[in-house]
Every structure is written in C-alpha cells, then in structure tokens.
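To start, the structure under review is shown below, and the notes come after it.
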Amino acid sequence: QKEVEQNSGPLSVPEGAIASLNCTYSDRVSQSFFWYRQYSGKSPELIMSIYSNGDKEDGRFTAQLNKASQYVSLLIRDSQPSDSATYLCAVNPRPYSSASKIIFGSGTRLSIRP
Amino acid sequence: DAGVIQSPRHEVTEMGQEVTLRCKPISGHDYLFWYRQTMMRGLELLIYFNNNVPIDDSGMPEDRFSAKMPNASFSTLKIQPSEPRDSAVYFCASRLGQGTNYGYTFGSGTRLTVV
C-alpha cells in the first residue's frame, strides 16, 4: 500500500462546476496535510495546508480532513480553465520531529473543459 | 525574496558522464530537500538536510548519487556515472523550521536527459 494514494485521473470537469479531488493516507498518526498544484512543465506550488479535522476554506478552494477515515480532499468551486493542472496531495506524518519530511501522492490530473 | 534557485534548468549529457545539479535555498530556511520526478514514479524524495546536516538519504537510488550541503546557502546533487534511467526532473525545495503548517517551496527544477 502506498503511503499517500490519489486517483491519477484525468478528472474532467465543466467550467463553473465543483471539482473534487480525493486522497487517502496510510499512517494513522499523520498530522499535517497539503495540496500542491503543478502546471505542466512547472514546479509544485503550495495552495492549501490543513491539520485539523473539518474544512478549511481559502477563496475558491476548500480542503477537508477526516483523520478517522484517513482521508483528505480538495474542492475547487467555480472551476476555471486556469485550474487545469495536476494536484498533488502531501502528508507530513511527524511535523514536529527533526526527521520531518513530506510524502507526496502521485497526483490527480484535472482538466476543466469550457 | 528570490525563492529557491536551481541550476542548470536543462542538462543533456552522455551516459557515463558526471552531472552536478545545484540549489540555493531561500535565505533563512533550515531544511533542504532533493526530489526526483518521473511520470512512472511521481515525486520521490532522495535526500534532505537540516542545518546543513544530511538527515535521511534512504531515497538515494544507489552509490552513483551523492549530495552535499557545504553551507546554509548552497547544495549539490551529483550523479557519477550518469545513466539513461536517471533522466528526470530534479527539484530542490526548502522549508523554515518544523511544525504542522510548514510546507515546502520548490525551485523551478532541473530537467536532466541522459543519452
């Protein structure tokens, strides 16, 4: 079992709709979670971080965390063509440790169709 | 802030040659990470440093790979000898401190092609 699992997609969503991206992780004690966006040929860019159960909203983006189910999701409202990218879920199992490192999922490719 | 700076942006080399990738982290960041990204394997952590000291190099594929961080503002990743399967995009990332909310800032990457 991979430590961080995502559906590779592609996920095709019509412009203006809600895009829903999902991620599961295997280490039950994981404490911090991130979503990165990566455009083709570019480097990953941090767009959201979350570490408490529930929802965290930032503009059109909402991150959702359910530690009991070991599940993280990202919702993108009013999807725009500029949201077309690969979205990487990332988990830091032990953020307060000096041996703290982030583990990335393989990414979900999102395509917003006009 | 100039961000994380990597060089070169592109590198094409022949099999068997030595390749050196360079990274300058964000000033003040005390963690530095080297990742490799391929279509097949995604983003893999190779090695990371805390305060210039290597903490975990378990992701380094084999002895052909080595990394150094001689000071807080510079790190290198060296491949000697290079092989075609080393072709990938190599990213450097840095982070300040440790805690729940600390994500990484990535450099623009070095696209390595070994022919």
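General observations
- Within chain B: Cβ-based charge dipole about Cα centre, in debye rounded to nearest 20 (Lys, Arg +1; Asp, Glu -1): 260 debye
- List B:Ile79, A:Ile47, ordered by accessible area with a 1.4 Å probe, largest first: A:Ile47, B:Ile79
- Accessible area of chain A belonging to carbon and sulfur atoms, whole % at 1.4 Å probe: 46 percent
- Grouping the Cα pair distances of the protein assembly as shown into 10 Å bins from zero gives a pair-distance distribution of 8, 32, 35, 20, 5, 0 percent in increasing distance order.
- Accessible area per residue, Å², the protein assembly as shown with all protein chains present, probe 1.4 Å: 48 Å²
- Remark: mean inter-chain Cβ contacts per residue of A:40-52 equal 4, using a 10 Å Cβ-Cβ cutoff to other protein chain atoms.
- For the pair B and A, total buried accessible area rounded to nearest 100 Å², probe 1.4 Å: 1800 Å²
- For chain A, the relative contact order is 37 percent, taking Cα pairs closer than 8 Å that sit 6 or more residues apart in sequence and dividing their mean separation by the residue count.
- Taking θ as phi - 60° and the Karplus parameters 6.51, -1.76 and 1.60, the scalar couplings of region A:24-37 work out to 10, 9, 9, 7, 4, 8, 4, 10, 9, 9, 9, 10, 10, 10 Hz in sequence order, x denoting glycine and proline.
- A:Ser32 long-range amide H proximity, modeled H, under 5 Å: A:Asn92
- For B:Ile47, the residues whose modelled amide H falls within less than 5 Å of its own, excluding neighbours fewer than 5 places apart on the same chain, are B:Trp34.
- Coupling constants for region A:59-70 follow from the phi torsions by the Karplus curve (6.51 cos²θ - 1.76 cosθ + 1.60, θ = phi - 60°), and in residue order they are x, 7, 9, 10, 9, 10, 10, 10, 5, 5, 8, 6 Hz; glycine and proline get x.
- Of B:Asp86, B:Asp63, the residue with the largest accessible area leads and the full order is B:Asp63, B:Asp86 (1.4 Å probe).
- Cα-derived Rg to Rh of region B:1-52, Kirkwood definition: 1.01
- For A:Met48, the amide hydrogen comes within under 5 Å of the amide hydrogens of A:Trp35, counting only partners 5 or more places away or on other chains and with H modelled in the peptide plane.
- In order through region B:58-69: 3J(HN,Hα) via Karplus (6.51 cos²θ - 1.76 cosθ + 1.60), integer Hz, x for Gly, Pro: 5, x, 5, x, 6, 5, 5, 9, 8, 9, 9, 9
- Rounded D (µm²/s) - region A:16-114, Kirkwood Rh over Cα pairs, Stokes-Einstein at 37 °C, 0.692 mPa s: 238 µm²/s
- Put a plus charge on the Cβ of each Lys and Arg, a minus charge on the Cβ of each Asp and Glu, and nothing anywhere else: the dipole of chain A about its Cα centre is then about 220 debye.
- Take each residue of peptide B:40-48, count the partner chain Cβ atoms within 10 Å of its Cβ, and average: the result is 4.
The values are calculated or read from the model by the stated rules, or taken from the named source; none is laboratory data. Since we're looking at a predicted model, the values are computed, not measured. Note: ideal-geometry Cβ built from the backbone for every residue, glycine included; neighbour counts use all protein chains shown. Heavy atoms of the whole protein, side chains included, go into the accessibility calculation; ligands, DNA and RNA do not. Shrake-Rupley method; radii C 1.70, N 1.55, O 1.52, S 1.80 Å.
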